[in-house]
Amino acid sequence: MRILLPPDRQMKQARLHCCWQLKHLLRGYEHIVKQRLQQSAELVSFILELKTVLEVCLKNRPEYRSIPPPQYYSQLISEMETLGWDKLLSIDTEFRTVKLKVEDSSGRQHVLTIKLKSKHPAEAPECSADLPIPLALTWTPQSTLEQLHTQFLLVLESLTEFWDVVDEIDSKTWILEPEKPSRSDTMRRIAIGNNVSIKVEVDPRHPKMLPECCLLGAEHVVTPLRNKLNANMHLWNPDSNVLHNLRDVLEIDFPSPATHEKSSFSVECGICYAYRLEAAIPDQVCNDPRCGQPFHQLCLYEWLRALPSSRQSFNIVFGECPYCSKPITVKMAAQKS
Ligand SMILES: [Zn+2]
Ligand SMILES: [Zn+2]
């Protein structure tokens, strides 16, 4: 690699020449390198930035990644033999990502994904799993996959109560969101009635405590429920089951798959006539008790904004319900990231 500086030594005019190998490696990153070269204050800072760019390039190109020494493979095989091959769910063709299947004491199946480093076991592997809390497993150069497995089981045990709570909610109520809850989901939007639901956020570390609750629906239905929630909060019994507590505090019975069809709660949006708009479900409701039409927030926002009779103040649009012409407001839809 050669960097040519103009006589005034200004980086803006500098030119970079490199060998074909380096050129090949930097393919796709040329514009970044050029921009960094011209905007660096001095040569040293550019070299440091180039180093970072090269590290990113190497990381993103598997063919340049270092191939582990033979001991890596023998070590991996001996560790798997100690752990038991029956625990192996899958391994990639490079023998770098190991997926283990783990069953907790309640019979729930989990997957522990372990990304091994070339310097395994000297360097700690990266572990991940579908959990509601961050996964932190300890690793020393003497650690083995079996020890990871044991630690992971302990983490699973600490979450059994949380999964008991959410599994019960999932089986005995109609969940509107998420569509297919995963083991890491702590939020549930539970149907209460037509266009009325409650969003609860269960704390994975204290699953039996009163969860954070948010009632969604038309004002005339939500207000009495909210008043009950506030008045009965003190009745919450952390030793009792969460669903029972929710029923007692709200003084309602949740519609369940045993008593109701889900279709009675998944009412389509009055503007796009669909239930799901990407991940969103209709969560805006006309407050007029005789109307109660649900809409997607985005649909209602776009609809009202397009009408000359609507008026906007900060991020709220005031207009008329497309169904009954009664006043309706909607907040500006959150920008998708
Ligand atoms: Zn819609
Ligand atoms: Zn209406």
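The values are calculated or read from the model by the stated rules, or taken from the named source; none is laboratory data. Keep in mind the model is a prediction, meaning the values are calculated, not measured. Glycine also receives a Cβ, built like all others from the backbone with ideal geometry; neighbour counts cover every protein chain displayed. Surface accessibility is based on the protein's heavy atoms, side chains included, excluding ligands, DNA and RNA. Shrake-Rupley method; radii C 1.70, N 1.55, O 1.52, S 1.80 Å.
Descriptive notes on the structure:
- Only one of Glu42, Glu55, Glu81 that is assigned by TED's automatic domain parsing to the domain that holds Thr144 and open to solvent by 40 Å² or more (accessible area, probe 1.4 Å): Glu81
- Region 261-301 - residue that is of a type in the set (Gly, Ala, Ser), within 19 Å of Thr329 (Cβ to Cβ) and near ligand 1 (Cβ under 9 Å from one of its atoms) and, of those, modelled with the lowest pLDDT: Ala280
- Screening Ala122 against (1) modelled with pLDDT under 95; (2) over 13 Å from Thr144 (Cα atoms) leaves a single unmet condition, (2).
- Taking the numbered list (1) open to solvent by 90 Å² or more (accessible area, probe 1.4 Å); (2) free of Cβ contacts under 8 Å to residues at least 24 places away in the same chain in turn, Ile91 passes all entries but (1).
- Number of positions in region 258-267 that are surrounded by 13 or more Cβ atoms within 10 Å (Cβ to Cβ) and away from ligand 2 (no atom under 15 Å from the Cβ): 3
- Hey, Leu304 in the same structural domain as Val196 (by TED's automatic domain parsing), within 16 Å of ligand 1 (Cβ to nearest atom) and among the hydrophobic types (A, V, I, L, M, F, W, C) or not: no
- Number of the exception - Lys117 against (1) part of a loop (DSSP other than H, G, I, E, B); (2) crowded, with 19+ Cβ neighbours inside 10 Å; (3) free of Cβ contacts under 8 Å to residues at least 40 places away in the same chain: (2)
- Within region 291-309, residues that are closer than 22 Å to Ala191 by Cα have Cβ atoms under 8 Å from residues that are part of a helix (DSSP H, G or I) in these pairs: Phe295/Trp303, counting only partners at least 6 apart in sequence or on another chain.
- Candidate set: region 313-323, residues that are more than 16 Å from ligand 1 (Cβ to nearest atom) and in a loop (DSSP other than H, G, I, E, B); chosen: the one least open to solvent (accessible area, probe 1.4 Å): Asn315
- Flag for Arg65 being at pLDDT 85 or above and of a type in the set (Lys, Arg): no
- Within region 143-152, at least one residue is assigned to a loop (DSSP other than H, G, I, E, B), more than 21 Å from the chain's Cα centre (by Cα) and either without any contact (Cβ under 8 Å) to a residue 40 or more places away in the chain or not assigned by TED's automatic domain parsing to the domain that holds Pro211 (or both).
- Test: residue in region 290-312 that is at positive phi and surrounded by 15 or more Cβ atoms within 10 Å (Cβ to Cβ): yes
- Helices (runs of 4 or more DSSP H) contained entirely in region 1-109, each with at least 3 residues that are among the small types (Gly, Ala, Ser): none
- Looking across region 174-205, just one residue is among the hydroxyl-bearing types (Ser, Thr, Tyr) and at pLDDT below 95, and that is Ser197.
- Residue-level check: of (1) open to solvent by 80 Å² or more (accessible area, probe 1.4 Å); (2) free of Cβ contacts under 8 Å to residues at least 60 places away in the same chain, Ser240 misses just (1).
- Filter pass, His110 being at pLDDT below 95 and open to solvent by less than 30 Å² (accessible area, probe 1.4 Å): no
- Test: residue in region 223-237 that is surrounded by fewer than 19 Cβ atoms within 10 Å (Cβ to Cβ), assigned to a loop (DSSP other than H, G, I, E, B) and out of contact with any Phe, Trp or Tyr (no Cβ under 8 Å at 6 or more places or on another chain): yes
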